[in-house]
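Peer 1: Below you will find the structure I want to go over with you.
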Amino acid sequence: MDNIMNPPVELEWGPAEIVLAYNDSKNTKRVAKTFCITDKEVKDILKKAKVKILPVKEKTVSDAEHALNEIGMSQKDFYKS
């Protein structure tokens, strides 16, 4: 099996990469998953870098999806029938 697969490579990263990733996504949880660290560690790194942490926006729901949710139906169910 060693002949077929490449061995895993541990990538080195620092606070600069975390700040760049946060500036792209504006989501601390997504950045934490990307770098395999906790959300708290991401927030601490951002605070040290003096980056303003924005609150996560709630998912926006379209009018059509809202109407379907009111009658107890999802878009997935709607398109099945």
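Peer 1: Output the residues belonging to region 43-78 that are modelled with pLDDT under 85 and among the hydrophobic types (A, V, I, L, M, F, W, C).
Peer 2: Scanning region 43-78 gives 56, 61, 64, 67, 68, 71, 73, 78.
Peer 1: In region 33-78, how many are closer than 30 Å to residue 19 by Cβ and of a type outside the set (Asp, Glu)? Can you show your working first?
Peer 2: The first filter runs over region 33-78 and keeps only residues closer than 30 Å to residue 19 by Cβ, leaving 33-60.
Adding the requirement that they be of a type outside the set (Asp, Glu) leaves 33-38, 40, 42-43, 45-57, 59-60.
Result for region 33-78: 24.
Peer 1: Okay, moving on. Do you know which of the residues in region 61-75 that are among the aliphatic types (A, V, I, L, M) and assigned to a loop (DSSP other than H, G, I, E, B) is surrounded by the fewest Cβ atoms within 10 Å (Cβ to Cβ)?
Peer 2: Residues of region 61-75 among the aliphatic types (A, V, I, L, M): 61, 64, 67-68, 71, 73.
Subset that is assigned to a loop (DSSP other than H, G, I, E, B): 61, 71, 73.
Details: 61: 11, 71: 7, 73: 14.
That would be 71.
Peer 1: I've got another one for you. Output the number of residues of region 29-60 satisfying the condition of being part of a loop (DSSP other than H, G, I, E, B) and either open to solvent by 70 Å² or more (accessible area, probe 1.4 Å) or in contact (Cβ under 8 Å) with a residue 60 or more places away in the chain (or both). Outline the logic, then answer.
Peer 2: Kept after step one, since they are part of a loop (DSSP other than H, G, I, E, B), are these residues of region 29-60: 36-38, 49-60.
Filter again for either open to solvent by 70 Å² or more (accessible area, probe 1.4 Å) or in contact (Cβ under 8 Å) with a residue 60 or more places away in the chain (or both), leaving 36, 38, 50, 52, 54-60.
Here the count works out to 11.
Peer 1: Please work out if residue 17 is among the acidic types (Asp, Glu) and either at positive phi or within 17 Å of the chain's Cα centre (by Cα) (or both).
Peer 2: Yes: the conditions hold for residue 17.
Peer 1: A further question on this structure: Restricting to region 10-28, and then to whatever is open to solvent by less than 40 Å² (accessible area, probe 1.4 Å) and of a type in the set (S, T, N, Q), can you tell me which residue is modelled with the highest pLDDT?
Peer 2: Result: 28.
The values are calculated or read from the model by the stated rules, or taken from the named source; none is laboratory data. This one's a predicted model, so the numbers in the text were calculated from it and none came from an experiment. Cβ coordinates were reconstructed from backbone atoms using ideal geometry, including for glycine residues, and neighbour counts include every protein chain displayed. For accessibility, only protein heavy atoms count, side chains too; no ligands or nucleic acids. Shrake-Rupley method; radii C 1.70, N 1.55, O 1.52, S 1.80 Å.
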